[in-house]
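Beneath this line is the structure, given in structure tokens, with notes to follow.
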Amino acid sequence: MTNKKVVKFTLEARSRYVEDWELQCFLSVASPLVVHYCRLKGLTGLDKGDMLSIRTAGIGDDRLTVKARKKNVSKNKGKVSRDRYFPYEDEHGNSTGISEAINAIMSMKRRPHITSHLFCTTHGKDRGRPYIQEDGTTSGFDSIWSRSMKKALEKTDLKASFTEHDLRAKVSSDIETDEEAQRQLDHANPSMTRKSYRRKALKMPVAKGFNTDEK
């Protein structure tokens, strides 16, 4: 046993907000998989692990159900989320866009008809397998994302890259209130939503000002 002091470092929260035009630049050259993925992510606000874990069994007649999964997996402990569902129609009977987004993914070229996951590989010996592994890693999808981002930086007006996780923050930031954003991201702690996911600049009131007229 040693008396060495353990020093903990606090990582600075990201503040990158993805503007609409930046996202459009990216999507204009991104792979079809990434385009369809972003479309569904923009509607649900799910994190990458939940997105890539969506099972075809959860695609119902009137809703998409996302089953609970274990997060932050370690040897003996992990945080378990809860089941969530996203309706195809709102309370007025209007489409929410979820069904159309799912149909676009299911209609992708070379996508196998029989597969357990919504997002799956479309070629090679692993065709039909999900992009998320049992240990939660997503290296295959991450490579596709990186290639699309590199292409966007080279061929469009996009000047700075953004991460897949930044889009979850964009979903939160584009929602009107903190309470609605917290519910969309299914956060138990509202401070987490405000601190890490509400990144759009605030529109501030303009004060009366000082009387600086020269006498």
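The values are calculated or read from the model by the stated rules, or taken from the named source; none is laboratory data. What you are looking at is a predicted structure, and each value in this text was computed from that prediction instead of being measured. Positions of Cβ are backbone-derived with ideal geometry, glycine not excepted, and every protein chain shown enters the neighbour counts.
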### Query
Just a yes or no: is a residue in the range 144-156 surrounded by fewer than 19 Cβ atoms within 10 Å (Cβ to Cβ), hydroxyl-bearing (Ser, Thr, Tyr), at pLDDT 95 or above and part of a loop (DSSP other than H, G, I, E, B)?
yes
### Task
Taking Val18 as meeting all but one of (1) in a loop (DSSP other than H, G, I, E, B); (2) touching a residue at least 40 places away in the same chain (Cβ under 8 Å); (3) more than 30 Å from Leu202 (Cα to Cα); (4) of a type in the set (Val, Ile, Thr), write down the number of the exception.
(3)
### Message
Restricting to the range 109-125, and then to whatever is loosely packed, with under 14 Cβ neighbours inside 10 Å and in contact (Cβ under 8 Å) with a residue 12 or more places away in the chain, can you tell me which residue is nearest to the chain's Cα centre (by Cα)?
### Response
Ser116
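So how many residues does the range 126-143 have that are without any contact (Cβ under 8 Å) to a residue 40 or more places away in the chain and part of a helix (DSSP H, G or I)?
Of the residues in the range 126-143, 4 are without any contact (Cβ under 8 Å) to a residue 40 or more places away in the chain and part of a helix (DSSP H, G or I).
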### Message
For the structure I just gave you, tell me whether Ala104 is part of a loop (DSSP other than H, G, I, E, B) and more than 24 Å from Arg199 (Cβ to Cβ).
### Response
no
### Residue that is farthest from Leu167 (Cα to Cα), among those in the range 186-200 that are outside any helix (DSSP H, G or I) and in contact (Cβ under 8 Å) with a residue 12 or more places away in the chain
Asp186
### Task
Could you pull out the residue among Thr65, Thr56 that is modelled with pLDDT of 95 or more, in contact with a Gly (Cβ under 6 Å, 6 or more places away or on another chain), within 21 Å of Phe86 (Cα to Cα) and of a type outside the set (Phe, Trp, Tyr)?
Thr65
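So that you can scan it fast, the table gives a plain yes or no per residue for (1) over 14 Å from the mean Cα position of the chain (by Cα); (2) surrounded by fewer than 21 Cβ atoms within 10 Å (Cβ to Cβ); (3) in contact (Cβ under 8 Å) with a residue 24 or more places away in the chain:
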site	(1), (2), (3)
Gln24	yes, yes, no
Ser28	yes, yes, yes
Leu40	no, no, yes
Thr44	no, no, yes
Ser53	no, no, yes
Ala57	yes, yes, yes
### Task
Would you mind finding the one in Ala101, Ala188 that is at pLDDT 95 or above and within 19 Å of Gly49 (Cα to Cα)?
Ala101
#### Entry: Which numbered condition Lys71 misses (of (1) modelled with pLDDT of 95 or more; (2) touching a strand residue (DSSP E or B) at 6+ places or on another chain (Cβ under 7 Å); (3) farther than 18 Å from Thr115 by Cα)
(1)
### Message
Looking for something of a type outside the set (Asp, Glu), modelled with pLDDT of 95 or more, closer than 22 Å to Asp142 by Cα and under 16 Å from the mean Cα position of the chain (by Cα) - is there at least one such residue anywhere in the range 8-15?
### Response
no
### Query
Is there a residue in the range 163-184 that is in contact (Cβ under 8 Å) with a residue 12 or more places away in the chain, part of a loop (DSSP other than H, G, I, E, B) and under 30 Å from Arg110 (Cα atoms)?
yes
### Residues (over 20 Å from Leu185 (Cα atoms) and among the basic types (Lys, Arg)) located in the range 81-124
Lys109, Arg110, Arg111
